[in-house]
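**Q** One structure is given below, represented as structure tokens, and several questions about it will come after.
The values are calculated or read from the model by the stated rules, or taken from the named source; none is laboratory data. This is a predicted model, so every value here is computed, not measured. Counting neighbours? That spans all protein chains shown, and the Cβs are built from the backbone with ideal geometry, glycine included.
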Amino acid sequence: MKEKQTHSIPLESTCKITDEICLPDTKLPRVVIVGGGFAGLALVEKLKHKEVQVVLLDKNNFHQFQPLLYQVATSALEPDSIVFPFRKQINGYKNVFFRLAEVEEIQPDSNTILTNKGSISYDYLVLATGTTTNFFGMDSVAENSLGMKDIRDSLNIRHMM
Ligand SMILES: Cc1cc2nc3c(=O)[nH]c(=O)nc-3n(C[C@H](O)[C@H](O)[C@H](O)COP(=O)(O)OP(=O)(O)OC[C@H]3O[C@@H](n4cnc5c(N)ncnc54)[C@H](O)[C@@H]3O)c2cc1C
């Protein structure tokens, strides 16, 4: 049976240096978007089919619909109702590539991003990494409470009940 092709360009086409994130060669400007939340995905939608190479990086391979996290925490919804794989979302967007990687450092002098999967260069960089929970300086609350920012947090709360 013929294997279904999920990428328009073979992954190995430009894998020359092992500590670089592998991407197809292009003469187009490269826009790297870090974070596939509402902000990052909205930009992907604007840039799809435009004359740029878009690279979406996220430390998870799925988008999370945060407004419904509480529904998962309270068992009203299952996790797969509120998380969506990025690769499914961008399927058919020939100029958009997703790479699963956590950004660790940005070197603006050389337009380089360092991740846990290797480095990547950019022409334009968009940071859409969201926020962290603010405990307003209350250390005891930070230590003794459960956050609810992502699906893991929701499942932790669910398992506590
Ligand atoms: C429980 C809850 C309920 C909410 N309800 C509502 C509501 O009813 N209405 C409303 O308007 N808003 C609501 N919000 C707020 C709304 O969800 C956020 O404002 C919105 O999700 C922010 O989008 P974002 O793209 O900026 O960030 P996020 O959605 O947080 O996305 C950030 C992305 O960046 C990725 N990322 C972070 N750091 C790195 C890194 N170093 N390397 C790679 N990737 C990284 C993350 O994995 C994530 O995918 C709610 C939020 C929460 C937590």
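**Q** Being surrounded by 13 or more Cβ atoms within 10 Å (Cβ to Cβ), more than 8 Å from the ligand (Cβ to nearest atom) and among the aliphatic types (A, V, I, L, M) is the filter here; which residues of segment 69-82 pass it?
**A** Val72, Ala73, Leu77, Ile82
**Q** Pick from segment 103-161 the residues that are touching a strand residue (DSSP E or B) at 6+ places or on another chain (Cβ under 8 Å), in a loop (DSSP other than H, G, I, E, B) and among the hydroxyl-bearing types (Ser, Thr, Tyr): which of them is surrounded by the most Cβ atoms within 10 Å (Cβ to Cβ)?
**A** Tyr122
**Q** I'd like the full set of residues that are in contact (Cβ under 8 Å) with a residue 40 or more places away in the chain and away from the ligand (no atom under 12 Å from the Cβ), limited to segment 25-50.
**A** Scanning segment 25-50 gives Leu28, Pro29, Arg30, Val31, Leu47, Lys48, His49, Lys50.
**Q** Identify the residue in segment 18-60 that is touching a helix residue (DSSP H, G or I) at 6+ places or on another chain (Cβ under 7 Å) and not hydrophobic (A, V, I, L, M, F, W, C) and, among all such residues, is farthest from Ile82 (Cα to Cα).
**A** Of everything passing the filter in segment 18-60, Asp25 is farthest from Ile82 (Cα to Cα).
**Q** Would you point out the residue of segment 136-161, among those that are among the acidic types (Asp, Glu) and away from the ligand (no atom under 16 Å from the Cβ), that is nearest to the chain's Cα centre (by Cα)?
**A** Here the answer is Glu143.
**Q** Being part of a loop (DSSP other than H, G, I, E, B) and farther than 27 Å from Ser154 by Cα is the filter here; which residues of segment 40-97 pass it?
**A** Lys48, His49, Lys50, Glu51, Val52, Asn91, Gly92, Tyr93, Lys94, Asn95, listed by residue number.
**Q** To continue, here is another question. Only one of (1) at pLDDT 95 or above; (2) aliphatic (A, V, I, L, M); (3) within 24 Å of Phe38 (Cα to Cα) is not met by Leu146, so which one is it?
**A** (1)
**Q** State all residues of segment 1-46 that are of a type in the set (Asp, Glu), touching a strand residue (DSSP E or B) at 6+ places or on another chain (Cβ under 8 Å) and either modelled with pLDDT under 70 or surrounded by 10 or more Cβ atoms within 10 Å (Cβ to Cβ) (or both); if no residue qualifies, say none.
**A** Of everything in segment 1-46, just one residue is of a type in the set (Asp, Glu), touching a strand residue (DSSP E or B) at 6+ places or on another chain (Cβ under 8 Å) and either modelled with pLDDT under 70 or surrounded by 10 or more Cβ atoms within 10 Å (Cβ to Cβ) (or both), namely Glu20.
**Q** Pairs please, first residue from segment 66-95 and of a type in the set (D, E, K, R), second anywhere and within 12 Å of the ligand (Cβ to nearest atom), Cβ atoms under 8 Å, 6+ apart in sequence or on different chains.
**A** Cβ pairs passing all conditions: Glu78/Val72; Arg87/Asn61; Arg87/Phe98.
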